[in-house]
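Student: Handing you a structure now.
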Amino acid sequence: MRPLRRAVQLVARRLLPLARSIWRRLPAGVRERLGPPLLRVRFALGLGAKARRLRFDRSALPDVVPAGPPRQSLPVARRSSGPSVSVIVPTHDDEAFLETCLRSIVEQGHEDLECIVIDDRSVDGSLDVALSVASSDPRVRIARHEVNAGLAASRNTGLRLAQGRYVCFLDADDFLFQDSIARRVESAEAASGGTVGSWCDWMIVPEDAGLRTEPGPVERHGVVEYGKNQGENQLISTSPLLRLDIVRSLGGFDERFRTAEDFEFWTRLLRNGFRLEEAGMVGVAYRQKRVSMVSADPAAHARNAMHVYRYMERELDDAEVSPLATDPVRHPLPGIPSPVRRAERLVTFLTYAWLSEDPDQVDALLEMVAHEPVIGSIDVRAAAKRALARHSVRVGGIHPDRRSEIEREIADRVEATPGPMPDRHADGLVHAADPSRVTGGTVTSSVVVRRSMPDWRPWDVVLAGSSRFGVRSLLDFGGSLVGRGCSVAALEPGLGGETRRRAHFEGIRLVAHPTGATRLAVTDGASVESTRADVVVALGCSPWLDPGRTPMVRPDVAYVRADWEGELWSSTGAEIRPMSGADGEDLAAGAPVDGQALRRRSSTILVLRSPEDTEGPGRDPIVTAIGDDFELAFGRRLRAPVRVECSPTRVDVVLPFVRAVVVVGRQVPTAALLAGTPVVLLGSPAPDLPGVEAADLATLGRVLDRSTPRPVRPTPALAGAPVVEELVSLLGSR
């Protein structure tokens, strides 16, 4: 009898992964009926030590807290004797992963915590796993829903039971890396006002990953706040650690959302003006399962995502503002949400619906696509290809022929969908001349960026930026030219990763050195010798201006935004033309998105180190010289003393909102001159430029005290439609 039992166990273990995959696809009602008898069969066969270990009487552990029906109202009170952190773990049929999840919590170096497991009416052995861990660690508490209520309701149940000062969430199929909680608590405690917690980076791991998995390098940086990433989700549900009173003041998660509930909550949290400090570590393992909630019901997920986008587009009601919010974003911000990102998301959901072979899902997504006219401004086939690549990683591969077939079918159906659709160009891409396609916010993309090789094809336009700050505006301009049918490339050397992704997003090719003919080179002062261009055009000038140096580039035509730019380029013999801003955006428009919430002129002094400076004083002498009359913000090259630091990619947006800028070195930030922000050069003679003064450490405080910002005048964006039309005409005449 024993050999037969062992043979049955061996076969069952081999089939267990397949059985689990089939089990997750069954309807909830079927699992409800089959769960208990199948669990008894598993225990009878003794499939694994876990099954034998869990055979105990549940009533012997009185730690199960009855959750009762889910409610949306959340208490605000907290016991003063509670732990510092509450970790909330919702689970529903996650027996295979739950023990790893809970072990990663109880084995954290930060011991002052509680773990609240919410069993959302599981029909497998999830509750037994939780009880087993709770029997050996009193910090683990358990609650159980009598009916399956969903992720949002489960997290709200945990919020009602939580007693910590901070709260974080961990899905039952994910796990924490060591010191994840301690590092996030440390960052949250050190953060400045308006920051209500911290966040950590995450790493995608395969379905069979365990606690021995080592975290990878940190890839995501910066303060998380509303306005970044064009309104797209910046977080996963397990990444943030937040003050519990803030989460409760917002009413927790919206229980009407069975999917995308985390996207809705993070958007609401950030729009109330709350920010999250980065912990600078990979703290969460995000398990990539073969079946996900998004791929199981893509139409529902798409409807919920569109609901969140509509929330971004409307005014904020008083009832939607947290009583603890001090700086909510009441009015919608330009370019948020990005219509292009919204369209790409719809194509992604449509791809998942196509894979499900469910005609109702496909029809529902196509109907949503028909109401998104900007769907034509993206490469539909490329968006479907990226969605298929993500799904292929999850399921272990899709045959290449099947991939190509689905891409072609989706592109054809989207193009045939009723609705206002732009014309398709000969290159197979669909473009729209919509200036809101790309805003000044951070752009991310799943496009694989490869090192560009020498390129022999002819180009209509090649962009050359003197820095990654300068090339950002040129990419806006280049995107508008792409929308008018021009072939556009950008010189790659010196571009950051974000800028490269932005170029791909705009349909701009990156080249190391174009050897083919170039009709038009567009620069802000960077060298264009390698382009062999017929015509060279300067747009504005470099983001950092060295007044004592003659520009290296000798353009044929220079479009200028101010008199001093005209003087700069006139010395090269260029034809000077004013840059019309009738259809452009103001450089100083909108709220800054660098994490400082500087939304108006204030007493803040921004301290920057110019690119060429290596000998200037460090931050401590500057802090002493400026004194206590002003608040200080630092560019990253000087490192913030404790709290306020300005991301280098956001300097040009912040400049119009500070009282003055102190520059260590000779080079002047161009954006400050355009916005009317006073500039003080520390230890350098002042050039003859409007609003620029010189000081040393002894006189710095007095000079800043009398600095008065000029009124901010509208400054046209480089991608203003009149300039684009002129250059398109210039291309046509050559």
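The values are calculated or read from the model by the stated rules, or taken from the named source; none is laboratory data. Just so you know, these numbers come straight off a predicted model, no measurement behind them. Note that we place each Cβ from the backbone using ideal geometry, even for glycine, and neighbour counts take in every protein chain shown. For accessibility, only protein heavy atoms count, side chains too; no ligands or nucleic acids. Shrake-Rupley method; radii C 1.70, N 1.55, O 1.52, S 1.80 Å.
Student: Return the total of residues in segment 172-188 being assigned to a loop (DSSP other than H, G, I, E, B) and either touching a strand residue (DSSP E or B) at 6+ places or on another chain (Cβ under 7 Å) or at pLDDT 95 or above (or both).
Tutor: So the first thing to find is which residues in segment 172-188 are assigned to a loop (DSSP other than H, G, I, E, B), and the list is 172-174, 177-179.
Filter again for either touching a strand residue (DSSP E or B) at 6+ places or on another chain (Cβ under 7 Å) or at pLDDT 95 or above (or both), leaving 172-174, 177.
Final tally of qualifying residues: 4.
Student: Kindly indicate whether residue 528 is modelled with pLDDT of 85 or more and open to solvent by 10 Å² or more (accessible area, probe 1.4 Å).
Tutor: no
Student: Right, something else. Suppose we filter 284, 347 for residues that are touching a residue at least 40 places away in the same chain (Cβ under 8 Å), buried (at least 21 other Cβ atoms within 10 Å of the Cβ) and in contact with a Cys (Cβ under 7 Å, 6 or more places away or on another chain); which single one remains?
Tutor: Working: 347 fails: in contact with a Cys (Cβ under 7 Å, 6 or more places away or on another chain).
None of the other options fit; the residue is 284.
Student: While we're here: Scan segment 675-688 and give yes if some residue there is more than 23 Å from residue 566 (Cα to Cα) and touching a Leu at 6+ places or on another chain (Cβ under 6 Å), otherwise no. First the steps, then the outcome.
Tutor: Step one: list which residues in segment 675-688 are more than 23 Å from residue 566 (Cα to Cα), which gives 682-684.
Narrowing further to those that are touching a Leu at 6+ places or on another chain (Cβ under 6 Å): none.
Checked segment 675-688: no residue is more than 23 Å from residue 566 (Cα to Cα) and touching a Leu at 6+ places or on another chain (Cβ under 6 Å).
Student: Looking only at segment 605-633, which residues are hydroxyl-bearing (Ser, Thr, Tyr), open to solvent by 40 Å² or more (accessible area, probe 1.4 Å) and over 15 Å from residue 703 (Cα atoms)? Write out each step before concluding.
Tutor: Let us first name the residues in segment 605-633 that are hydroxyl-bearing (Ser, Thr, Tyr), namely 610, 614, 624.
Pick out the ones that are also open to solvent by 40 Å² or more (accessible area, probe 1.4 Å) and you get 614, 624.
The answer is 614, and nothing else.
Student: Residues being open to solvent by less than 30 Å² (accessible area, probe 1.4 Å) and outside any loop (DSSP other than H, G, I, E, B): count how many of those fall in segment 559-579.
Tutor: 6
Student: Quick one: in segment 118-141, of everything that is among the β-branched types (Val, Ile, Thr) and touching a residue at least 40 places away in the same chain (Cβ under 8 Å), which residue is farthest from residue 95 (Cα to Cα)?
Tutor: Step by step, filter segment 118-141, then rank; the result is 140.
Student: Do we have any residue at all in segment 107-121 that's touching an Asp or Glu at 6+ places or on another chain (Cβ under 6 Å), within 18 Å of residue 169 (Cα to Cα) and modelled with pLDDT of 90 or more?
Tutor: So far as segment 107-121 goes, no, none of its residues is touching an Asp or Glu at 6+ places or on another chain (Cβ under 6 Å), within 18 Å of residue 169 (Cα to Cα) and modelled with pLDDT of 90 or more.
Student: Turning to a different aspect of this structure: I'm trying to understand the selection: among the residues of segment 107-165, which are open to solvent by 10 Å² or more (accessible area, probe 1.4 Å), in a helix (DSSP H, G or I) and closer than 24 Å to residue 245 by Cα?
Tutor: If the condition is that a residue be open to solvent by 10 Å² or more (accessible area, probe 1.4 Å), in a helix (DSSP H, G or I) and closer than 24 Å to residue 245 by Cα, then 151, 160, 161 are the ones that fit.
Student: OK, next. With the structure loaded, tell me whether residue 364 is more than 22 Å from the chain's Cα centre (by Cα) and either in contact (Cβ under 8 Å) with a residue 24 or more places away in the chain or open to solvent by 50 Å² or more (accessible area, probe 1.4 Å) (or both) or whether it fails that test.
Tutor: For residue 364, the condition - more than 22 Å from the chain's Cα centre (by Cα) and either in contact (Cβ under 8 Å) with a residue 24 or more places away in the chain or open to solvent by 50 Å² or more (accessible area, probe 1.4 Å) (or both) - is met.
Student: Another one. Can you tell me which of (1) out of contact with any strand residue (DSSP E or B) (no Cβ under 7 Å at 6 or more places or on another chain); (2) within 22 Å of residue 259 (Cβ to Cβ); (3) modelled with pLDDT under 90 is the one residue 135 doesn't meet?
Tutor: (2)
Student: In addition: Given the criterion surrounded by fewer than 22 Cβ atoms within 10 Å (Cβ to Cβ), of a type outside the set (S, T, N, Q) and free of Cβ contacts under 8 Å to residues at least 60 places away in the same chain, identify the matching residue among 214, 255, 278.
Tutor: Exactly one of 214, 255, 278 is surrounded by fewer than 22 Cβ atoms within 10 Å (Cβ to Cβ), of a type outside the set (S, T, N, Q) and free of Cβ contacts under 8 Å to residues at least 60 places away in the same chain, namely 214.
Student: Can you tell me which of (1) assigned to a helix (DSSP H, G or I); (2) open to solvent by 30 Å² or more (accessible area, probe 1.4 Å); (3) touching a Lys or Arg at 6+ places or on another chain (Cβ under 7 Å) is the one residue 390 doesn't meet?
Tutor: (3) is the only condition that residue 390 fails.
Student: I need the full set of residues from segment 199-252 which are under 18 Å from residue 89 (Cβ atoms) and not in a strand (DSSP E or B), in order please.
Tutor: Residues satisfying the conditions are 209, 210, 211, 235, 236, 237, 238, 239, 244, 247, 252.
Student: I'm checking my understanding of the structure. Among residues of segment 216-258 that are of a type in the set (Gly, Ala, Ser) and modelled with pLDDT under 85, which one is nearest to residue 156 (Cα to Cα)?
Tutor: 231
Student: Go through segment 258-272 and count every residue that is crowded, with 22+ Cβ neighbours inside 10 Å and assigned to a loop (DSSP other than H, G, I, E, B).
Tutor: 3
Student: If a residue must be open to solvent by less than 80 Å² (accessible area, probe 1.4 Å), over 18 Å from residue 506 (Cβ atoms) and not in a loop (DSSP other than H, G, I, E, B), how many such residues does segment 316-344 contain?
Tutor: 1
Student: Counting only residues that are at pLDDT below 75 and not basic (Lys, Arg), how many does segment 595-611 have? Show your work before the answer.
Tutor: Filtering segment 595-611 for residues at pLDDT below 75 gives 595-602.
Within this subset, residues satisfying the condition of being not basic (Lys, Arg) are 595-598, 602.
Number of matching residues: 5.
Student: Now for a separate question. Quick check on segment 239-252. Is at least one of its residues surrounded by fewer than 21 Cβ atoms within 10 Å (Cβ to Cβ) and among the basic types (Lys, Arg)?
Tutor: Of segment 239-252, the ones surrounded by fewer than 21 Cβ atoms within 10 Å (Cβ to Cβ) are 243, 245-246, 249, 251.
Pick out the ones that are also among the basic types (Lys, Arg) and you get 243.
Checking segment 239-252: at least one residue is surrounded by fewer than 21 Cβ atoms within 10 Å (Cβ to Cβ) and among the basic types (Lys, Arg).
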